[in-house]
Amino acid sequence: MENDPFRIRAHVAEFDAIVEEIVASSARTRDSLPMAADVPYGDGPSETVDIFFPEGSRKNLPVHMFIHGGYWRMFSKRDYSYVANTVTSAGAIAIIVDYALMPSVRMDVLVDQVRRAKRWAVDNIATYGGDPSRLTVSGHSAGAHLATFLFNTQEERSGIAAAFLLGGIYDLKPLQKSFLADEIGITDEEVLAFSPISKSFDRDCHVTVAVGVEETPPFHKQASDFVMFLEMQSLAVAKRSIAGVNHMSSVRDLGLSASSTGMLLLETIVKAV
């Protein structure tokens, strides 16, 4: 599957260099920003969040949750601490979510975990100076997929003011014929149960669906199809194509508030201010 458009490493020459860059940036963020590390939202070893704070007093601050990608089977919250740089620059609290990895668990576990992380935030973030009524969310790649389950209509109102979905997967079916078939083996049942393209969503949530111009064709199709799907449900949704970035450079730039990607993240947070 050398030409597999879902195999990011084969299409991004600087893949390893960007991973090294974001891991190093995350370490610097943990050293420089006020934070509460490894706060549990459940009993499992992966069921924790890292919370980062802007400088100054903490009272009724907006709150932003970020869910990392990695095709549901790699990376952790520690690799993405750097996203908090942009979030806190907007005067918001950043919650970086960890979750278990496939294939040791199945997709239903991951979806349940991120939903419980959101419930933890709504119930507890006020004790950290956050306002749970001013909650936004973002995710990249598989994290964008998981983020959609925080504002679908499992509940009457999601409580998510705005969502920023970057380089996301919204229809799982094509992945069954990708390199991931051997790595995580998405089942027909998981396609049916966990493809956002088949779900209903909260009309009160403002959604931005973004994709890097240099992404491979399936990511552009996934984004376009999902935007149309949300528009059919009368959501306020915007599609953004980010010039000059690919699947990896786009997420790297989330930590740079002056970048095109960083500014889209800031715009999302502002919707809850």
From Arg73, Arg58, which residue is touching a Pro at 6+ places or on another chain (Cβ under 8 Å) and of a type in the set (Lys, Arg)? Arg73
Output for the stretch 81-112, where each listed residue is part of a loop (DSSP other than H, G, I, E, B) and either buried (at least 24 other Cβ atoms within 10 Å of the Cβ) or of a type in the set (Val, Ile, Thr) (or both): Ser81, Tyr82, Ala92, Asp98, Tyr99, Val105
Within the stretch 113-131, work out how many residues are touching a helix residue (DSSP H, G or I) at 6+ places or on another chain (Cβ under 9 Å) and either closer than 11 Å to Ile95 by Cβ or crowded, with 19+ Cβ neighbours inside 10 Å (or both). 5
If Gly168 satisfies all but one of (1) in contact (Cβ under 8 Å) with a residue 40 or more places away in the chain; (2) outside any loop (DSSP other than H, G, I, E, B), what's the number of the condition it fails? (2)
Just the residues that are among the small types (Gly, Ala, Ser), assigned to a strand (DSSP E or B) and either without any contact (Cβ under 8 Å) to a residue 60 or more places away in the chain or exposed (fewer than 13 other Cβ atoms within 10 Å of the Cβ) (or both), please, taken from the stretch 10-64. Ala37
Where a residue in the stretch 233-257 is acidic (Asp, Glu) and its partner, wherever it lies, is modelled with pLDDT of 95 or more and assigned to a loop (DSSP other than H, G, I, E, B), with Cβ under 9 Å and at least six apart: Asp253/Val245; Asp253/Ser259
Which ones in the stretch 26-66 are of a type in the set (Asp, Glu) and at pLDDT 95 or above? Asp31, Asp38, Asp43, Glu47, Asp50
Please go through (1) without any contact (Cβ under 8 Å) to a residue 60 or more places away in the chain; (2) over 22 Å from Ile22 (Cβ atoms) for His206 and return the number of the only condition it doesn't satisfy. (1)
Select from the stretch 113-160 the residues that are among the hydroxyl-bearing types (Ser, Thr, Tyr) and part of a loop (DSSP other than H, G, I, E, B) and write down the one among them that is nearest to Leu180 (Cα to Cα). Ser141
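The values are calculated or read from the model by the stated rules, or taken from the named source; none is laboratory data. The model shown is predicted, which means the values in this text are computed figures rather than measured ones. Counting neighbours? That spans all protein chains shown, and the Cβs are built from the backbone with ideal geometry, glycine included.
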